[in-house]
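Undergrad: Just passing along the structure, written as structure tokens.
The values are calculated or read from the model by the stated rules, or taken from the named source; none is laboratory data. Worth saying up front: this structure is predicted, and the values here are computed from it rather than measured. Quick reminder, even Gly has a Cβ in these numbers, built from the backbone with ideal geometry, and neighbours come from all protein chains shown. With ligands, DNA and RNA removed, areas are computed over all heavy atoms of the protein, side chains included. Shrake-Rupley method; radii C 1.70, N 1.55, O 1.52, S 1.80 Å.
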Amino acid sequence: MLTKKNIVESMLDIDRLNQEIFSSYIAFSTMCNFACVYCYEEGQTQRCHVMDKEEIEKTINWYKQVLIKNRYKKCKITLFGGEPLLHIKLIKFFINQIGNFTRKNKIELKIAIITNGYLLNQDIVDFLISYGLEEIQITLDGIGKVHDERHPLRNGGPTFEKIINNVKQINKFNGRFLFRVSFDNDNIKYIKELLNYLKNVPIKNNYQIYLAPIHQTTNQSETACSFCSKNTTENIEEIINHYKDLYDYMSKIGLSIPKYITNGPCMTVSKDTVLVDPHGKLFKCVEMIGLDNLSVGNVK
């Protein structure tokens, strides 16, 4: 029997079930220049591994086979990590190969990148624009010291000011910036200040802000004094109240509120979405990367 709940769930899943689109995340390594306090990849034994020539060529061949076999009309690739911008040469080689293939086979290619923003520059943005860049995602947790303490460089240096300066210097393109504003019990009192700050930053591009509660990570769950164990909450009502308060504030100061709603976790309901890790292993969620027992396959 068809119920209202069935209908709502189908509407939320519809973007994940569009079998004309092959959507993927690729991590050339999980290395990072930041030491974020709630990183779910921290402590991985594979952290220093970078895709070698054989691995990246097998990954490219796997993409080609998947796209042709399933007759996809659109391919979306999100550059992921670690920090993807540590590997500019790999990015350019991979995107060039995939871009030439999709053009030859009349498949629409769209590119997104999830980056901490510290190494972002116009040259890499211009390159990605030539292959259909549609989104640059950067996480911000507060202004200045608040962000710097949660997302410091590995040597302990600050990051916020350089990230914002990099964002301001990027010329307008057809895509957008997506600012992920993460919150937990540690920084929730600073989020409105950050939202007001972003409202007044002279950004040349379209941008969207979305809110994301930090949750417990696998690598911190067994340590009572870890950052996540001390600062995250599993109280759904409390999280919802934060959402309501912050989105109300965004509306009041003239920031647009996301109208896009989908089911999560992001990949698990779709057979057409996957993450490729530095070894060519396939996962159905970005937070599974490094947990080899949760791998669902390999490009080899």
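Undergrad: I'm trying to understand the selection: among the residues of the range 144-190, which are within 17 Å of Y118 (Cβ to Cβ) and aromatic (F, W, Y)?
TA: Listed by number, the residues that qualify are F160, F177, F179.
Undergrad: Taking the stated definitions as given, is G144 open to solvent by less than 60 Å² (accessible area, probe 1.4 Å), out of contact with any strand residue (DSSP E or B) (no Cβ under 7 Å at 6 or more places or on another chain) and not hydroxyl-bearing (S, T, Y)?
TA: When the stated conditions are applied, G144 passes them.
Undergrad: Out of everything in the range 1-47 that is under 26 Å from L86 (Cβ atoms) and at pLDDT below 75, what residue ends up being most open to solvent (accessible area, probe 1.4 Å)?
TA: Taking the candidates together, the pick is T45.
Undergrad: Moving to a separate point now. Can you tell me which residues in the range 98-133 are open to solvent by less than 50 Å² (accessible area, probe 1.4 Å) and on the phi > 0 side of the Ramachandran plot?
TA: Within the range 98-133, G117, G132 qualify.
Undergrad: Taking R71 and the conditions (1) under 14 Å from S23 (Cα atoms); (2) in a helix (DSSP H, G or I), which numbered condition does it fall short on, given that it satisfies the others?
TA: It is condition (2) that R71 fails.
Undergrad: Restricting attention to the range 209-233, which residues are under 27 Å from F177 (Cα atoms) and without any contact (Cβ under 8 Å) to a residue 24 or more places away in the chain?
TA: Scanning the range 209-233 gives H215, Q216.
Undergrad: Only one residue in V125, V167 is over 22 Å from F28 (Cα atoms) and under 18 Å from the mean Cα position of the chain (by Cα), so which one is that?
TA: On inspection, the qualifying residue turns out to be V167.
Undergrad: Residues S221, S226, S182: which one is surrounded by fewer than 16 Cβ atoms within 10 Å (Cβ to Cβ) and of a type in the set (S, T, Y)?
TA: Matching residue, one of S221, S226, S182: S221.
Undergrad: For I136, indicate whether it is open to solvent by 20 Å² or more (accessible area, probe 1.4 Å), of a type outside the set (K, R) and in contact (Cβ under 8 Å) with a residue 24 or more places away in the chain.
TA: Criteria not met by I136.
Undergrad: Can I ask one more? Out of all the residues in the range 160-172, which are part of a loop (DSSP other than H, G, I, E, B) and either touching a residue at least 60 places away in the same chain (Cβ under 8 Å) or surrounded by 15 or more Cβ atoms within 10 Å (Cβ to Cβ) (or both)?
TA: Hit for the range 160-172 is I170, nothing else.
Undergrad: Kindly evaluate I56 against the criterion of being open to solvent by less than 20 Å² (accessible area, probe 1.4 Å), closer than 19 Å to E134 by Cα and in contact with a helix residue (DSSP H, G or I) (Cβ under 7 Å, 6 or more places away or on another chain).
TA: Taking the combined requirement at face value, the residue does not satisfy it.
Yes/no matrix, rows are residues, columns are (1) among the aliphatic types (A, V, I, L, M); (2) in a helix (DSSP H, G or I); (3) in contact with a helix residue (DSSP H, G or I) (Cβ under 6 Å, 6 or more places away or on another chain); (4) open to solvent by 40 Å² or more (accessible area, probe 1.4 Å):
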site: N174; (1), (2), (3), (4): no, no, no, yes
site: K189; (1), (2), (3), (4): no, yes, no, yes
site: L194; (1), (2), (3), (4): yes, yes, no, no
site: K244; (1), (2), (3), (4): no, yes, no, yes
site: K252; (1), (2), (3), (4): no, yes, no, yes
site: S256; (1), (2), (3), (4): no, no, no, yes
site: V269; (1), (2), (3), (4): yes, no, yes, yes
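Undergrad: Which ones in the range 196-209 are among the aliphatic types (A, V, I, L, M) and not in a loop (DSSP other than H, G, I, E, B)?
TA: Hits for the range 196-209 are L198, I209.
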